[in-house]
1. Going residue by residue through the stretch A:139-156, is there one that turns out to be open to solvent by less than 10 Å² (accessible area, probe 1.4 Å), outside any loop (DSSP other than H, G, I, E, B) and over 20 Å from A:L59 (Cα atoms)?
2. Mind checking which residues of the stretch B:185-200 are closer than 22 Å to A:H228 by Cβ and either more than 7 Å from every other protein chain (Cβ to nearest Cβ) or not polar (S, T, N, Q) (or both)?
3. How many residues does the stretch A:181-201 contain that are surrounded by fewer than 24 Cβ atoms within 10 Å (Cβ to Cβ) and outside any loop (DSSP other than H, G, I, E, B)?
4. Inspect the stretch B:166-180 for any residue being of a type in the set (D, E, K, R) and open to solvent by less than 30 Å² (accessible area, probe 1.4 Å) and give the result as yes or no.
5. Might you check whether a residue that is farther than 15 Å from A:M37 by Cα and touching a His at 6+ places or on another chain (Cβ under 7 Å) occurs anywhere in the stretch A:99-111?
6. Scanning for something modelled with pLDDT of 95 or more and within 13 Å of chain A (Cβ to nearest Cβ), does the stretch B:94-101 turn up at least one residue?
7. Can you confirm whether B:L27 is within 20 Å of B:A199 (Cβ to Cβ), in contact with a strand residue (DSSP E or B) (Cβ under 9 Å, 6 or more places away or on another chain) and within 14 Å of chain A (Cβ to nearest Cβ)?
2 protein chains.
Amino acid sequence: MSLDTTSEIEIIKVATSKIDQVDFETLSFGSVFTDHMLVCDFRNGAWEKPIIKPYEPFLLDPSAKVFHYGQAIFEGMKAYKIEDDSIWLFRPEENYERFNKSAVRMCMPEVPEHVFIDGLKQILQLEKDWIKKGKGNTLYIRPFMIAIGSGVIAQPSTQYRFMIILSPAKAYYSGEVKVLVAEHYSRAANGGIGAAKAAGNYSGQFYPTQLAHNAGFQQVIWTDDATHTKLEEAGTMNVFFRINDTLYTAPTSERILDGVTRKSLIDLARREGINVEIRSVLVSELVDAAKDGSLKEIFGAGTAAVVNPIVGFQYKDVYYELPKMENSFALDLKEKLTNIQYKLAEDTFGWTVEV
Amino acid sequence: MSLDTTSEIEIIKVATSKIDQVDFETLSFGSVFTDHMLVCDFRNGAWEKPIIKPYEPFLLDPSAKVFHYGQAIFEGMKAYKIEDDSIWLFRPEENYERFNKSAVRMCMPEVPEHVFIDGLKQILQLEKDWIKKGKGNTLYIRPFMIAIGSGVIAQPSTQYRFMIILSPAKAYYSGEVKVLVAEHYSRAANGGIGAAKAAGNYSGQFYPTQLAHNAGFQQVIWTDDATHTKLEEAGTMNVFFRINDTLYTAPTSERILDGVTRKSLIDLARREGINVEIRSVLVSELVDAAKDGSLKEIFGAGTAAVVNPIVGFQYKDVYYELPKMENSFALDLKEKLTNIQYKLAEDTFGWTVEV
């Protein structure tokens with residue numbers, strides 16, 4: 001992909017950047033946004049001309065469908081700046097394709113590539129000063145789409161807004177993560193929307209996650225809703241289990257997000273000669289492996305944290321502490337993946353794309 | 001309940017009503033709104049003073065959590081005006097309690113009674129000219145709450161907006177309704193949010209419902225997501241089945257909404273001497289009953305349509321037409337329920353509440 005400078009995107013620049021007011025050393029994830037945003041509306045059956053304009057609030061009718069029926073999807077991506085000041089994306093076409101899959105599942109229009117990909121490259125060029133060099137520094141990218149049509153009849157909207165907003169971020173560190181295995185609550189139904197990055201999937205997790213917090217855990221490992229016997233995701237991330245020297249992760253399905261970090265880690269691990277088995281892991285297997293010492297690691301995988309090592313899990317009121325590993329797969333794979341993202345290692349997979 | 005005229009609700013009236021521009025004979029459901037709306041914000045851990053003000057769009061930050069994580073809930077209610085010009089609500093405390101149950105499940109703050117109930121009564125007094133007399137005419141009431149806090153970290157918001165908007169409505173008639181029994185898609189997970197009136201539950205149904213439309217059906221009858229053998233809801237309504245002279249409807253659960261119309265119809269039917277069994281009906285039972293002629297009626301039950309008779313259903317590519325009934329339970333119960341709502345029959349249950 002290359003930057004299409006002929007694409008018709010209108011750009012209205014801010015008079016004065018707010019970048020000097022931002023302390024890039026003390027960023028709280030997802031709370032500071034850059035000077036501009038990309039906006040593209042869908043009306044009368046077609047996408048209008050995208051516009052890059054100053055970041056600002058916008059007006060919506062109280063009956064806008066996003067408020068009542070939750071037609072809303074998003075993606076999470078990152079941009080990286082390297083020593084020579086060039087800016088890179090990691091597998092953006094994967095996010096673009098998944099975004100449009102989410103759109104179809106939520107009965108929303110697919111976004112054209114020139115809006116999503118070219119629009120993203122243009123706004124990143126404009127905001128390049130917001131991307132700081134150095135491993136761990138990134139610009140978090142949030143493309144999203146909401147239903148802006150008005151009316152409280154429960155039907156798909158005819159009007160939508162696609163936007164890209166950008167938030168500078170430091171390396172995401174969540175501290176020691178203890179997880180609770182879900183015995184009652186769940187995040188997705190068979191035949192439901194769990195595989196879509198739909199807004200409603202996330203708010204549904206807040207209450208069970210809060211209950212876990214109150215009990216001293218940072219995250220929930222979700223199990224299948226029908227039997228609560230299969231391990232599926234960790235918080236808002238895909239989850240990997242290392243039993244002896246084999247890595248296990250659940251297959252993607254209607255209930256499990258097809259994570260870009262997940263699939264990249266699978267490829268990386270296999271290149272490293274690690275045996276990776278893509279199959280459902282049962283809670284009972286996890287407990288048995290913890291008891292006999294063969295369970296070595298659990299980690300979440302997602303764009304924000306990249307890899308999130310888990311120190312222990314609780315199931316049916318019993319807490320199982322994981323061993324401290326010398327040769328942690330989680331830390332090794334995280335290092336190798338971020339080295340590719342920051343162009344510190346050769347990208348033999350062809351995953352990185354220059355802006 | 002009585003109108004608390006001492007409650008501190010600020011009222012800002014429109015300069016000129018738009019009511020004269022509205023043709024009350026050709027209303028499309030949920031598309032026209034009255035002159036005013038009620039707004040009450042939650043910030044710094046407390047509800048602020050409610051305000052009734054002109055209906056208008058409002059500003060939100062692009063990173064507002066409702067756009068990204070779908071923290072949004074609502075209720076549907078109606079107000080009725082009778083011959084003596086008095087205005088009535090139907091079991092408003094049921095909607096109020098369910099709203100707050102939805103709030104808890106979605107990790108949102110509960111709304112105080114003086115905001116929801118007294119606020120509703122005050123705005124209805126102000127908008128009483130928008131409620132037309134005559135059976136079928138109603139003012140549809142949409143209380144809702146959205147997360148307005150900004151930031152794209154997947155955590156509950158700290159700021160919320162509760163609103164009430166009002167839409168004049170004619171009797172809801174959806175034509176002949178043929179339904180498709182869901183064999184693959186589903187609306188709710190065990191341990192999920194199906195029992196909450198959460199925005200995300202509705203958009204998740206749009207795509208499977210569109211597929212049903214494309215195949216010639218108006219609605220989907222949802223089955224349990226784990227086995228697709230139990231009949232659960234019809235579209236966005238609870239569903240009843242009449243086999244011989246017994247009415248069946250599924251018990252409320254985490255997957256099934258505790259509908260006010262549903263529970264009222266159960267009480268009414270029992271008062272009429274109809275045998276009502278509250279239990280899961282299997283798809284196989286429905287097919288068997290359709291084949292042997294004992295299946296007499298299927299109908300949806302909800303606030304908007306009250307009762308929505310279904311003329312036939314399809315399952316595994318076979319369409320089953322229902323008989324035309326002389327003594328339809330659906331039509332009889334609808335007549336009796338709306339007579340109570342419009343004060344045309346004695347309200348022995350104490351369901352109606354004067355504004």
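1. Within the stretch A:139-156, one or more residues are open to solvent by less than 10 Å² (accessible area, probe 1.4 Å), outside any loop (DSSP other than H, G, I, E, B) and over 20 Å from A:L59 (Cα atoms).
2. B:Y185, B:R187, B:A188, B:A189, B:G191, B:G192, B:I193, B:G194, B:A195, B:A196, B:A198, B:G200
3. 1
4. For the stretch B:166-180, residues of a type in the set (D, E, K, R) and open to solvent by less than 30 Å² (accessible area, probe 1.4 Å): absent.
5. There is no residue in the stretch A:99-111 that is farther than 15 Å from A:M37 by Cα and touching a His at 6+ places or on another chain (Cβ under 7 Å).
6. Within the stretch B:94-101, one or more residues are modelled with pLDDT of 95 or more and within 13 Å of chain A (Cβ to nearest Cβ).
7. no
Residue-wise test of (1) farther than 26 Å from B:F206 by Cα; (2) open to solvent by 20 Å² or more (accessible area, probe 1.4 Å); (3) not assigned by TED's automatic domain parsing to the domain that holds A:I146.
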{"position": "A:Y55", "(1), (2), (3)": "yes, yes, no"}
{"position": "A:H68", "(1), (2), (3)": "no, no, no"}
{"position": "A:Q71", "(1), (2), (3)": "no, no, no"}
{"position": "A:M77", "(1), (2), (3)": "yes, no, no"}
{"position": "A:S86", "(1), (2), (3)": "yes, no, no"}
{"position": "A:Y96", "(1), (2), (3)": "no, yes, no"}
{"position": "A:F99", "(1), (2), (3)": "no, no, no"}
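The values are calculated or read from the model by the stated rules, or taken from the named source; none is laboratory data. A quick note: this is a predicted structure, and the numbers were derived from the prediction, not measured. Heads up, the Cβs are rebuilt from the backbone with ideal geometry, glycines too, and the neighbour counts pull from every protein chain shown. To get the accessible areas, we keep the full protein, side chains included, count just its heavy atoms, and leave off ligands, DNA and RNA. Shrake-Rupley method; radii C 1.70, N 1.55, O 1.52, S 1.80 Å.
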